[in-house]
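The structure under discussion appears below in the form of structure tokens.
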Amino acid sequence: MNEKFYGTGIALITPFNESLEPDFEALERLVEYVVTSGVDYLVVLGTTGESATLSKLEKASIFKAVRTINKGRLPLMAGIGGNDTRALVNEFKQTDLTGYDAILSVSPYYNKPSQEGIYRHYRALAEASPLPLLIYNVPSRTGSNLLPGTVLRIAASTDKVIGIKEASGDMQQIKTLIEQAPEGFLVISGDDHTAVATILEGGSGVISVVGQGIPETFTRMIRMAMAGEAVKAERLHRAMIPLFELLFKEGNPAGIKGLLAQKGICLPGVRLPLIAPSTQLQKEIEAYLKEAFTAIK
């Protein structure tokens, strides 16, 4: 199972039409674009998919649509997270996860639980989950940091948890996880900025936002890093840093939707309280793609 989630995972956006309803034709264009460009697996309805502002019915429809479009070509990971453990256990049981290979579940947000509370949360999810579970640490969004000791304690307590999407941005914390994690436990970068560094330290890959906008070049960089070609991977990474900064300048997924809109894949709309990328940002993204990106791809 763990081998399915090495390399480049894509945190898919949820395309919307002009009425800000899910656009399933655009979703099909996006999935085909990334699948045929060589990425390794897809993550559906994570933070980038705007899961916080989708209804249960919309989520079910999107899970089904991606499964249908994918046609078994790539492993699929379903984003199902929350800060109410009991409600989340019920959601695990009620969600149709046919065709999915694992669940990505973010550490509880807003409540700011203790490390013991986070540990018990994931233990409860592991017992309820019908699929292998990837835990997700993103302190900038949750308000609490899932510390390495807690992660290792979770990993030692259950075989159901197969790894972590680590988005703390703290390379020392990431190194500690890689060095001390049990064999086969995935340590996956949750930030495009730390992807190459995490892999070169022994990590398992990345779940990327930017990769769906430039999948061929981004995947090439990740494969270089996975092969230990540090100089080549780091050179390409440095050339992409300005794009990373642009795409997160006005929040995620506004930036990546702006890039995908320029490629004719979807509209740039997002649901409130997020707002669409500004005209100025769109111009800056366009300039990068025409000038800098043309030189490196």
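With each label point set 7 Å from Cα along the Cα-Cβ vector, what nm distance links residue 180 and residue 94?
The answer from the label model is 3.8 nm.
Please work out the C-alpha center-to-center distance from the stretch 197-255 to the stretch 1-69 and express it in whole Å.
Using only Cα atoms, the two centres lie 19 Å from each other.
Given a Förster radius of 51 Å and the C-beta distance between residue 115 and residue 230 as r, what FRET efficiency does 1/(1 + (r/R0)^6) yield to the nearest 0.05?
After rounding, the FRET efficiency stands at 0.90.
Rounded to the nearest 10 Å², what accessible area does residue 37 show when all protein chains are kept and the probe is 1.4 Å?
Taking all protein chains as shown, residue 37 has close to 20 Å².
Taking 1 over the mean of 1/r across every pair of different Cα atoms in the chain, what Kirkwood radius in Å do you get?
About 19.2 Å, per the Kirkwood formula over Cα pairs.
In deg cm²/dmol, rounded to 500, what helix-only [θ] at 222 nm does the chain give when every DSSP H run of at least 4 residues adds -39500 (n - 2.57) and the total is split over its residues?
-14000 deg cm²/dmol
For the stretch 69-147, what does the alpha-carbon gyration tensor say about shape, rounded, prolate or oblate, given a ≥ b ≥ c as the root eigenvalues, a/c under 1.5 as rounded, and a/b over b/c as prolate?
prolate
Please give the per residue accessible area of the chain, computed with a probe of 1.4 Å over protein heavy atoms only, in Å².
Per-residue accessible area for the chain comes out at 43 Å².
Would you kindly state the longest site-free stretch of the chain, with sites defined as GluC sites (Glu not before Pro) in a DSSP loop (not H, G, I, E, B) surrounded by at most 13 other Cβ atoms within 10 Å?
Result, exposed sites excluded: 19-182.
Would you mind telling me the share, in percent, of accessible area of the chain contributed by carbon and sulfur at probe 1.4 angstrom?
Here carbon and sulfur together make up 50 percent of the probe-accessible area.
Given the pairs 71/283; 165/283; 175/249; 249/290; 56/257; 56/93, which span a C-alpha to C-alpha distance of over 25 angstrom in this model?
Long pairs (Cα-Cα over 25 Å): 71/283; 165/283; 175/249.
The values are calculated or read from the model by the stated rules, or taken from the named source; none is laboratory data. It should be emphasised that the depicted structure is a prediction, and the values quoted were computed from it without experimental measurement. Note that each Cβ is placed from the backbone with ideal geometry, even for glycine, and that neighbours are counted across all protein chains shown. Areas reflect the complete protein model, heavy atoms only, side chains present, ligands, DNA and RNA absent. Shrake-Rupley method; radii C 1.70, N 1.55, O 1.52, S 1.80 Å.
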